[in-house]
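S.K.: First the structure, then my questions, so here it is.
Values in this text are rule-based calculations from the coordinates and carry no lab data. Quantities reported herein were computed from a predicted structural model and do not represent experimental measurements. Here Cβ is always computed from backbone atoms with ideal geometry, including for glycine, and neighbour counts include all displayed protein chains.
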Amino acid sequence: MECIVESAVVALFNVDGRYYALDGVCPHQGGPLAKGRLAGCTVSCPWHGWQFDVATGEHTANRRLRQRSFAVRVEGEEVLIEMEDAR
């Protein structure tokens, strides 16, 4: 799911009931990560296939590349993304 939080595009993923949030814009050419295919904890950018671990933000082929990630917590029925706690 793609959402806008404090003017940032954020990709929110639910993996077996656990939520993860990444910067929603792929660093390769700006593809929408939230619209990519999710397989386990790996999301593939729909434009050129760059893959990231949604739990860590790491690029799967080059661990030195890291997509900005955000802490997520669930309170009742609300999913909250902590923007100031960017990792």
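S.K.: Among Ile4, Thr60, Asn14, whose Cα projects farthest towards the positive end of the dipole of the chain, with charges put on the beta-carbon of Lys, Arg (+1) and Asp, Glu (-1)?
M.R.: It is Thr60.
S.K.: Separate question: Can you match semi-axes √(5λ) of the Cα gyration tensor in Å to one of these, [x] 28, 12, 10; [y] 25, 13, 8; [z] 20, 13, 12, based on a calculation from the structure here?
M.R.: This structure yields the entry labelled [z].
S.K.: Label Ala8 and Arg73 with points 7 Å out from Cα along Cα→Cβ: what is the distance between them in nm?
M.R.: The modelled label-to-label distance comes out at 1.7 nm.
S.K.: Out of the stretch 6-87, which GluC sites (Glu not before Pro) are coil in DSSP terms and have no more than 15 other C-beta atoms within 10 Å? Don't skip to the answer; put the middle values down first.
M.R.: Values: sites: Glu6, Glu58, Glu75, Glu77, Glu78, Glu82, Glu84; in loops: Glu6, Glu77.
In loop regions of the stretch 6-87 (DSSP not H, G, I, E or B), the sparsely surrounded GluC sites (Glu not before Pro) are Glu6, Glu77.
S.K.: Something else: Multiply the residue gap between Arg18 and Cys41 by 0.36 nm, knock off their C-alpha separation, and tell me the result in nm, one decimal place.
M.R.: The span from Arg18 to Cys41 would gain 7.3 nm if fully extended.
S.K.: Which of the trypsin sites (Lys or Arg not before Pro) across the stretch 5-79 are loop residues per DSSP, with 10 or fewer other Cβ within 10 Å?
M.R.: Values: sites: Arg18, Lys35, Arg37, Arg63, Arg64, Arg66, Arg68, Arg73; in loops: Arg63, Arg64, Arg68.
Here the sparse-neighbourhood loop sites are Arg63, Arg64.
S.K.: Can you list residues from other chains, or at least 5 along the same chain, whose modelled amide H is less than 5 Å from the amide H of Val5?
M.R.: For Val5, the qualifying residues are Val10.
S.K.: Could you let me know the centre-to-centre spacing of the stretch 52-68 and the stretch 1-34, using Cα atoms, in angstrom?
M.R.: The distance from the Cα centre of the stretch 52-68 to that of the stretch 1-34 comes to 13 Å.
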